[in-house]
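The values are calculated or read from the model by the stated rules, or taken from the named source; none is laboratory data. Being a predicted model, the structure only gives us computed values, none of them experimental. Cβ: placed from backbone, ideal geometry, glycine included. Neighbour counts: every protein chain shown. Heavy atoms of the whole protein, side chains included, go into the accessibility calculation; ligands, DNA and RNA do not. Shrake-Rupley method; radii C 1.70, N 1.55, O 1.52, S 1.80 Å.
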Amino acid sequence: MHKRVQKLIDVTADELGLDKYYLKRHSFVKEENPNEGVSYELTMEWFPNEAAETEEGLNPPGTAVVDVDLHSERIKKIIFVNDISYAHAEALTVIHQTSEQIIEWVEEMTGLEYGRQFQLVEESKNEMHFRSAVDNIPVYPKWEHRYNL
């Protein structure tokens with residue numbers, strides 16, 4: 001495996017506290033954006049060490065799917081299957097924090113600036129709903145992401 005790819009895998013595992021996981025598979029995805037041009041992402045599927053058997057082609061509960069931008073080396077997306085996580089990183093301990101602390105965490109993890117590049121659309125007790133923006137103007141077709149607390 002190329003040293004740069006291995007470094008991204010190792011850094012991702014460390015930053016997200018994936019000690020109880022193993023890297024099942026990874027792939028590269030080409031993203032085309034009319035405003036930003038072409039970018040490439042490393043998509044990783046981390047399975048829990050104690051994963052239960054699942055149907056063929058399905059990721060077990062707790063699987064972490066992580067997308068990292070190859071250019072910036074920033075995490076673009078984290079999904080835990082069935083909202084179950086065995087990760088222990090301090091970076092993921094945003095439960096029971098204030099909205100401001102969660103927004104700061106999103107900024108730190110993504111490199112995006114709140115207000116300028118993403119906005120809070122909706123907030124409830126267990127969820128925050130964000131959308132992308134350019135200079136605080138919503139981008140359409142809109143990209144939205146729900147962050148479950």
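Observations
- Residues of region 79-125 that are of a type in the set (A, V, I, L, M), surrounded by fewer than 17 Cβ atoms within 10 Å (Cβ to Cβ), modelled with pLDDT of 80 or more and under 21 Å from Asp19 (Cα atoms): Ile79, Ile84.
- Cβ-Cβ distances below 6 Å connect no pair with a first residue in region 100-120 that is in contact (Cβ under 8 Å) with a residue 12 or more places away in the chain and of a type outside the set (Phe, Trp, Tyr), a second residue that is open to solvent by 50 Å² or more (accessible area, probe 1.4 Å) and part of a helix (DSSP H, G or I), and a separation of six or more residues or different chains.
- Hey, Glu56 in contact with a strand residue (DSSP E or B) (Cβ under 6 Å, 6 or more places away or on another chain) and free of Cβ contacts under 8 Å to residues at least 24 places away in the same chain or not: no
- For the criterion of being at pLDDT 80 or above, loosely packed, with under 12 Cβ neighbours inside 10 Å and farther than 24 Å from Glu15 by Cβ, Val134 passes.
- Within region 16-49, considering residues that are open to solvent by 90 Å² or more (accessible area, probe 1.4 Å) and not in a strand (DSSP E or B), the one nearest to Thr110 (Cα to Cα): Glu36
- Residue in region 50-70 that is open to solvent by 70 Å² or more (accessible area, probe 1.4 Å) and either among the β-branched types (Val, Ile, Thr) or within 21 Å of Val106 (Cα to Cα) (or both) present: no
- Filter result for Leu8 (at pLDDT 90 or above and aliphatic (A, V, I, L, M)): yes
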